[in-house]
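Here the structure is laid out as structure tokens; the discussion comes afterwards.
The values are calculated or read from the model by the stated rules, or taken from the named source; none is laboratory data. Remember, it's a predicted structure, so these values are computed and weren't measured experimentally. Cβ placement follows ideal geometry from the backbone for every residue including glycine, while neighbour counts extend to all protein chains displayed. For accessibility, only protein heavy atoms count, side chains too; no ligands or nucleic acids. Shrake-Rupley method; radii C 1.70, N 1.55, O 1.52, S 1.80 Å.
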Amino acid sequence: QVQLVESGGGLVQPGGSLRLSCAASGSIFKINAMGWYRQAPGKQRELVAAITSGGSTNYADSVKGRFTFSRDNAKNTAYLQMNSLKPEDTAVYYCNAEVTTVAGFRFQRSDYWGQGTQVTVSS
């Protein structure tokens, strides 16, 4: 079993910055692709940024140039640096990871989600 724990959310003024973290733990053989998603009230969950195991990134147009997704494979941790925050960035942010786990000689790839962290951008 794998657990993803997000942290770093909070209340920030427009134009401010926050850094979200996503720490993975459990029977991890390898963390493959990862993603940050967000869900605002009354809206569907949307992909904000994605990163491959090799570190290649993709971003939603709405956050390009403002958000940076990075990962530390040695620590099984990913980060989302969010700068120039806008009120429309307000949402619950979720970490997602495709993880290869191992039990004995059995390898399995599964998708995991964190519990979410609230980001509120308001003056």
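Among the residues of region 37-71, write down those that are among the aliphatic types (A, V, I, L, M) and without any contact (Cβ under 8 Å) to a residue 24 or more places away in the chain. It would help to see each step written out before you state the result.
Looking only at region 37-71, we keep the residues that are among the aliphatic types (A, V, I, L, M), and these are 40, 47-51, 60, 63.
Those that are among the aliphatic types (A, V, I, L, M) and without any contact (Cβ under 8 Å) to a residue 24 or more places away in the chain: L47, A50, A60.
State which residue pairs qualify: first residue touching a residue at least 40 places away in the same chain (Cβ under 8 Å) and closer than 22 Å to F105 by Cβ and inside region 24-36, second residue part of a loop (DSSP other than H, G, I, E, B) and of a type in the set (S, T, Y) in any location, beta carbons under 9 Å apart, and separation of 6 or more residues or different chains. Hits for this filter: K30/S53; I31/S53; N32/T52; N32/S53. Is one or more of the residues making up region 22-41 at pLDDT 95 or above and open to solvent by 80 Å² or more (accessible area, probe 1.4 Å)? Looking through region 22-41, none of the residues is at pLDDT 95 or above and open to solvent by 80 Å² or more (accessible area, probe 1.4 Å). Restrict the check to region 93-101 and report whether at least one residue is closer than 24 Å to G10 by Cβ, modelled with pLDDT of 95 or more and open to solvent by 50 Å² or more (accessible area, probe 1.4 Å). No. Looking at region 29-123, the strands (runs of 3 or more DSSP E) lying wholly inside it that each contain 3 or more residues that are in contact with an Asp or Glu (Cβ under 8 Å, 6 or more places away or on another chain) sit at 77-82, 91-103, 106-113, 117-121. Of all residues in region 1-17, those that are touching a residue at least 40 places away in the same chain (Cβ under 8 Å) and part of a loop (DSSP other than H, G, I, E, B) have Cβ atoms under 7 Å from Cβ atoms of residues that are open to solvent by less than 30 Å² (accessible area, probe 1.4 Å) and β-branched (V, I, T), 6 or more apart or on another chain, in G8/T117; G9/T117; G9/V119; P14/V121.
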